[in-house]
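Chemist: Questions regarding the structure given below will be posed in turn.
The values are calculated or read from the model by the stated rules, or taken from the named source; none is laboratory data. Bear in mind that the values here come from a model prediction, so they are computed numbers and not experimental data. Because the Cβ atoms are built from the backbone with ideal geometry, glycine has one as well, and the counts that use them run over all protein chains shown. Accessible surface is based on the protein model in full, side chains and every heavy atom, while ligands, DNA and RNA are left aside. Shrake-Rupley method; radii C 1.70, N 1.55, O 1.52, S 1.80 Å.
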Amino acid sequence: MTARTARAVEVPVAGGVLRVGVWDAAPDAPTILAVHGVTSSHLAWQLLAEELPGVRIVAPDLRGRGQSNALAGPAGMAAHADDLAAVCAHLDIVPALVVAHSMGAFVAVVLAHRHPALVRRLVLVDGGLPLAAPADLAPDDLVAAILGPTAARLSMRFADTAAYLRFWREHPAFAADWSPELERYLAYDLVPVADGEAALRPATSYATTVEDTVDMNTRPTVTEALDALGVPTVLVTVPRGLQNETPGLYPPTHLVALLARYPAVEHVAWPGFNHYTVVLSRPGAARLADLVTAQLALAAAEKPLAR
């Protein structure tokens, strides 16, 4: 398998500039817009890009993450959706497919609601439908309840990249799925500590993470978008969560109720993966590539969206 390298594009958005990774392909290649999760970056899609050499993949670092972590202004699902629309306008694309993981799946659903001319089909990977979030929690407590150690990591400091990789080596989600691509993805996440301390920290803004988590779990932004959803949508769920625990983000009883509420959403369950490895492992990326290929074939047979 030949490695692909994403080129960096800077896109003006409200409050500053959004960093976008683009894995280029032939001029007539289909384009997918790929949207990462809550503390992730565009490099979450590196393995998928390698599985799909004939597909152009456009993947931003969402505001507050990666090299977009210093973007000023409010966040929330609508702001991220508008950023994605700005990316499409800047690159002059209408994606054949939007593929989104975790929080990115919630953003993708809102994108379909706010900018319907940009969304033909959706693949939502372990996200996008409401979580079984505890009610009436303060914002910090809500983040802790949903993200746990994932959120706690954002306040940690690391002496160097090697120390950060050692931290992740002990993470239960990646016990059997370590790779050079994962190391590159993790190293990209680090930025210098702002106060001049000789240390590194995760790039993701904790304040933006709180704002996004509150928005997608307590406000009507996502449910209103789901109620209006009118494009073919596939939801992929996996049995294990962020710490490789069971159940995952969608416990069976909760999932049954969601699918009853949103019967137009096609659901597929993929055993053997956790919330991370469904995208960030070679087996997960290979299976996702098969699904993307099938969805692109369906999109190719449809009438293109009017621009």
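Chemist: Every residue in the range 16-42 that is open to solvent by 10 Å² or more (accessible area, probe 1.4 Å) and not in a loop (DSSP other than H, G, I, E, B), please.
Modeler: Gly16, Val17, Arg19, Thr31, His42
Chemist: OK, next. Just to be sure I understand the filter: pairs with C-beta atoms under 8 Å, separated by 6 or more residues or on different chains, first member in the range 101-130 and in contact (Cβ under 8 Å) with a residue 60 or more places away in the chain, second member of a type in the set (Asp, Glu) and open to solvent by less than 30 Å² (accessible area, probe 1.4 Å). Which pairs pass?
Modeler: Between residues of the range 101-130 that are in contact (Cβ under 8 Å) with a residue 60 or more places away in the chain and residues that are of a type in the set (Asp, Glu) and open to solvent by less than 30 Å² (accessible area, probe 1.4 Å), the close pairs are His101/Asp126; Ser102/Asp126; Met103/Asp212; Ala105/Asp126.
Chemist: Give the residue that is least open to solvent (accessible area, probe 1.4 Å), with candidates limited to residues of the range 76-94 that are in contact (Cβ under 8 Å) with a residue 40 or more places away in the chain and assigned to a loop (DSSP other than H, G, I, E, B).
Modeler: Gly76
Chemist: Regarding the range 179-197, can at least one residue be identified that is assigned to a loop (DSSP other than H, G, I, E, B), open to solvent by less than 30 Å² (accessible area, probe 1.4 Å), out of contact with any Asp or Glu (no Cβ under 6 Å at 6 or more places or on another chain) and within 15 Å of Gly37 (Cα to Cα)?
Modeler: yes
Chemist: Say whether the condition of being more than 19 Å from the chain's Cα centre (by Cα), open to solvent by 10 Å² or more (accessible area, probe 1.4 Å) and of a type in the set (D, E, K, R) is met by at least one residue in the range 121-131.
Modeler: no
Chemist: Could I ask something else about it? I'm told Gly54 meets every condition in (1) outside any loop (DSSP other than H, G, I, E, B); (2) closer than 26 Å to Glu302 by Cβ; (3) of a type outside the set (A, V, I, L, M, F, W, C) except one. Can you identify the failing condition by its number?
Modeler: Gly54 satisfies every listed condition except (1).
Chemist: Please work out which one of (1) open to solvent by 30 Å² or more (accessible area, probe 1.4 Å); (2) at pLDDT below 95; (3) within 26 Å of Ser281 (Cα to Cα); (4) not in a loop (DSSP other than H, G, I, E, B) is the condition Ala176 fails and give its number.
Modeler: (4)
Chemist: Does the range 284-304 contain any residue that is surrounded by 17 or more Cβ atoms within 10 Å (Cβ to Cβ) and touching a Ser or Thr at 6+ places or on another chain (Cβ under 9 Å)?
Modeler: There is at least one residue in the range 284-304 that is surrounded by 17 or more Cβ atoms within 10 Å (Cβ to Cβ) and touching a Ser or Thr at 6+ places or on another chain (Cβ under 9 Å).
Chemist: Looking at (1) β-branched (Val, Ile, Thr); (2) open to solvent by 10 Å² or more (accessible area, probe 1.4 Å); (3) out of contact with any helix residue (DSSP H, G or I) (no Cβ under 6 Å at 6 or more places or on another chain), can you tell me which one Val13 breaks?
Modeler: That leaves (3) as the condition not met.
Chemist: Quick test of your reading of the structure: Val193 fulfils all but one of (1) within 20 Å of the chain's Cα centre (by Cα); (2) modelled with pLDDT under 95; (3) not charged (D, E, K, R). Name the failing condition by number.
Modeler: Looking at each condition in turn, Val193 falls short on (1).
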